[in-house]
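S.K.: Here it is, the structure, as structure tokens.
The values are calculated or read from the model by the stated rules, or taken from the named source; none is laboratory data. It should be emphasised that the depicted structure is a prediction, and the values quoted were computed from it without experimental measurement. Reconstructed Cβ throughout: ideal geometry from the backbone, glycine too, with neighbour counts over all protein chains shown.
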């Protein structure tokens, strides 16, 4: 269980005085829901894990909502606080400005988000210099990463890892602390160490659940590791766990759909993406094209099994693109000819119709492999003028006359 919030702010003597006055029963602001009194921990260990806690109620609420993944409520609370404390007088203002900037930036308000990032940077840097903690260093490194200041970012990461390795910070980590540590290891390129620490975080969560978004990210990153290791069953299991824990976490729905696709469950992958693409904040629009491609492949697999391409994975990406475009142009040409017959009230030519369907199947098979490699289907087709090849809602139906 985490310590009382006041123990994160002040010295041992001051904290004990505050505890006597009832500080230990104050609400938690870290998203764990732990609002009761707790035993007083060793302050030197706890302070090194967690940064300064907020005093302002709206800031505390906003940070808590953000850490729990409630983006809309977090944004409202943080904006309310920031209007009243534009100079950042609160001890946790650095995290507040960073979180506000992140929420605005990720919602498309990039310029406005960057203004708050700049304010948060100076305050977080001051906090890390005066009282280094894993949490403070994690937030500062993340902010510098967003600002693309790679030199400053790596400097903070290096200092944070040195403190952790030397036992100067976060002596008694919980699952959330393991996650933050793992992210720093990722930034430093220590991937094997990162995966090992994520496994520790997951084990901690099994005993004492932490922040839901962090738990989802742990599952997602371990799913990626299982994918790299070729462990399909674990990849599927962890990807689904991440998606169910936090449906709004970027990448979770793409990962589970790809795991289904890897297992040969083409129709199931397409149907899963169809139901969940709107929740995928990171690249939901690209999943829409995946839905179309997988739906058509699943249909043609049943009707033209003899036309399956058996060596898709042997194609380099450039060959996939070239073959896709060749078949797409063929599809559009044949589709135009067939549609012309429909408009002229003539019967469809069955030979030409079969030729169209086979070309459509081949195109979608190449695109399915393109999707599996996480390439952008929409961009490929749009840039080459053949986007219409995957749009066929009114295929071979007579056009309705326009109203005058």
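S.K.: What are the residues in segment 148-169 that are surrounded by fewer than 16 Cβ atoms within 10 Å (Cβ to Cβ), on the phi < 0 side of the Ramachandran plot and in a loop (DSSP other than H, G, I, E, B), if any?
M.R.: Hits for segment 148-169 are 149, 166, 168.
S.K.: Here's a check for you: in segment 219-247, which residue that is within 11 Å of the chain's Cα centre (by Cα) and under 17 Å from residue 179 (Cβ atoms) is modelled with the lowest pLDDT?
M.R.: Only one residue tops the list, namely 246.
S.K.: What's the total number of residues in segment 182-198 that are in contact with a helix residue (DSSP H, G or I) (Cβ under 7 Å, 6 or more places away or on another chain) and either touching a residue at least 60 places away in the same chain (Cβ under 8 Å) or part of a helix (DSSP H, G or I) (or both)?
M.R.: 11
S.K.: Look at residue 77 and say whether it is assigned to a helix (DSSP H, G or I), buried (at least 22 other Cβ atoms within 10 Å of the Cβ) and modelled with pLDDT under 95. Give the steps one after another, and end with the answer.
M.R.: Numbers: assigned to a helix (DSSP H, G or I): yes; buried (at least 22 other Cβ atoms within 10 Å of the Cβ): yes; modelled with pLDDT under 95: no.
Against the criterion (assigned to a helix (DSSP H, G or I), buried (at least 22 other Cβ atoms within 10 Å of the Cβ) and modelled with pLDDT under 95), residue 77 does not qualify.
S.K.: Do you know which residues across segment 128-147 are closer than 20 Å to residue 170 by Cα, assigned to a helix (DSSP H, G or I) and either modelled with pLDDT of 95 or more or touching a helix residue (DSSP H, G or I) at 6+ places or on another chain (Cβ under 8 Å) (or both)? Steps first, please.
M.R.: In the first step, residues of segment 128-147 are kept if they are closer than 20 Å to residue 170 by Cα; the result is 128-142.
After this cut, where a residue has to be assigned to a helix (DSSP H, G or I) as well, the list is 128-130, 134-142.
Result: 128, 134, 135, 136, 137, 138, 139, 140, 141, 142.
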